[in-house]
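Scroll down for the structure; my scribbles are underneath it.
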Amino acid sequence: MDLVEGVGESSSPPRSFGSCAVYDIKNDVYNRLVETGNTEAVTNPELLREQLDSHFARLPASYGLDIHVDKAEDVLLHQKILVRAKDPDNRPVYHVRFLENYWTRLDDAEGQHDFNDIPTSKAGGSLNDEGIRHDVSHSLIHEVIFSTIDKPKLLSQLSALLSDIGLNIREAHVFSTTDGYSLDVFVVDGWPVEDTKALHEELGKAIARSEGTWSGSSHSKSAIEKTIVARSKPEDWEIDRRLLKIGEKIASGSCGDLYRGMYLGMDVAIKVLRSEHLNDTLEYEFAQEIAILRQVQHTNVVRFIGACTNSPHLCIITEYMPGGSLYEYLHKNHVVLKLSQLISFAIDVCNGMEYLHQNNIIHRDLKTANLLMDLNNVVKVADFGVARFQNNGGVMTAETGTYRWMAPEIINHQPYDQKADVFSFAIVLWELLTAKVPYDTMTPLQAALGVRQGLRPELPENAHPRLLDLIQRCWVAIPSDRPSFSEIKVELELLLHEIEDTIEASKGS
């Protein structure tokens, strides 16, 4: 992979994205219902507004992003379905309606063109302007909405139920309410007639036949999150691109782009490889990254959701980290960390890196731009684009990573191991202490040449002496002399306890 200087990929959210979007759509829905003369809006507008407030408050922000103002009545439908689901005798509540006729030209490779109202020939195709016949495929699209108590593997249960009666899922929008109910909207084809009465009856029969209860206990996590965590087979990670909603771009790299998106109602980060850059080397690295991500599951490692592996449409989907990267947190906001917060961040990184090293994985690009935060400021190791399994007999690629954080043995094209990540951690720890970019007066190449000759960032004068000592031991030139992440973590945890005890003692005096 080409070595490119930069801060790397980040899942930092656009600040206008979130609760404000839901607030706007909620008001738009209300205004639309008033404009169209909806009965509830006319007879009791204040009650309707209160009901909308309550409805949107129960659902995640992603729900508001899925609502089309032109279909404001859908919100009232969803609200009534959720109300019905509170009665155990109704569960699962399900609603079926016909959406559209869908025509697809069979000679189109992508099969994406809509040919509504196409005049057909007796042979069952369509005639273009030159009178040439094109075969078309006709599908009827229906919508099926479910609501019940949220529980583990609910999405799998519903998907299997739809499949059993011959329906193909085109889209799925999965939401969990704050009080433990699900609202699952499926767009399907495969039912041969527009009329929904028979489909409704068939769903009822399938529900009666299905094993297991439909009234589980309430859980804080959504059904889709539990389903994702429970996946184990490799084929379970292949994602249908039709179920993936790609939103706005949030970062760019040398061979791909990072987007915020939605997958089955959940916020995700989507790393998309640009098709024009694809070659054997890049596809191999893509496969390596997925192989590693499939193996890791830890509180301090960004969670892998799935991947699309059908070339040329290659992408990797991970959990979305709304707190953004440590790089942005430090340098864009010019944050000076309290000592206890600094050490907590460092311990999070150690936990993630210790786990990776215990599983024989070298990250090879550890830096603040690849350390992301969730809403609770928990730091997670991310971006495994150049990570590799440790191979005792193989030779690791030289100059892999980013120069300002790169260990001297990698720069010097010498054999290296997991201790190269420890060197990078020393630079990260220095960054946390100083809130500065390492070697900020030098070009990346100048910094690399300096590190080869023993250059290190200037240590701050007023920092805790034990942290300064740890940094210096982590960035020594001889890799074997550097401590392991297990040893570093023990030191940092001990120091954090001492600092917290000192703070508590000072409060009591």
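Nothing in this text is a laboratory measurement; each read-out follows from the coordinates by a stated rule. Not measured: the values here are computed from a predicted model. Glycine gets a Cβ as well: all are built from the backbone with ideal geometry, and neighbour counts include every protein chain shown.
When N counts the residues of the range 36-82, how does its alpha-carbon radius of gyration compare numerically with 2.2 N^0.38 Å, as a ratio? Before the final figure, lay out each step's value.
Values: Rg = 10.7 Å, N = 47, 2.2 N^0.38 = 9.5 Å.
After normalising by residue count via 2.2 N^0.38 Å, the value is 1.13.
Computed extension length for E202-Q414: 69.7 nm, one decimal, from 0.36 nm per residue of separation with the Cα-Cα distance subtracted.
What length, rounded to one decimal in nm, is gained on full extension from M442 through to E493, with 0.36 nm per residue of separation minus their alpha-carbon distance? Write out the running numbers ahead of the final one.
On the way: separation 51, 0.36 × 51 = 18.36 nm, distance 3.41 nm.
Residue separation times 0.36 nm, minus the Cα-Cα distance, leaves 14.9 nm.
Backbone geometry of the range 182-194 corresponds, through the Karplus equation with coefficients 6.51, -1.76 and 1.60 at θ = phi - 60°, to 3J(HN,Hα) couplings of 9, 10, 10, 10, 10, 9, 10, 10, x, 8, x, 10, 5 Hz, x marking Gly and Pro. Once R0 is set to 51 Å, what does the formula 1/(1 + (r/R0)^6) return for the Cβ-Cβ distance between R473 and V69, expressed as a FRET efficiency to the nearest 0.05? Result of the calculation: an efficiency of 0.30. Checking the Cα-Cα distances for K271/K332; K367/K436; K71/K271 against a 20 Å cut-off, the pairs over it are K271/K332; K71/K271.
Based on the reciprocal of the average 1/r between different C-alpha atoms, the Kirkwood radius for the range 317-363 equals 12.5 Å.
As a calculated quantity, the FRET efficiency between N101 and E283 at R0 = 41 Å, using C-beta atoms, amounts to about 0.55.
A P(r) calculated from all alpha carbon pairs of the range 407-509, with 5 Å bins opening at zero, reads 2, 12, 20, 21, 18, 12, 6, 4, 3, 2, 1, 0 percent. Once the chain from E40 to D501 is taken as fully extended at 0.36 nm per residue, the excess over their C-alpha distance is 160.0 nm.
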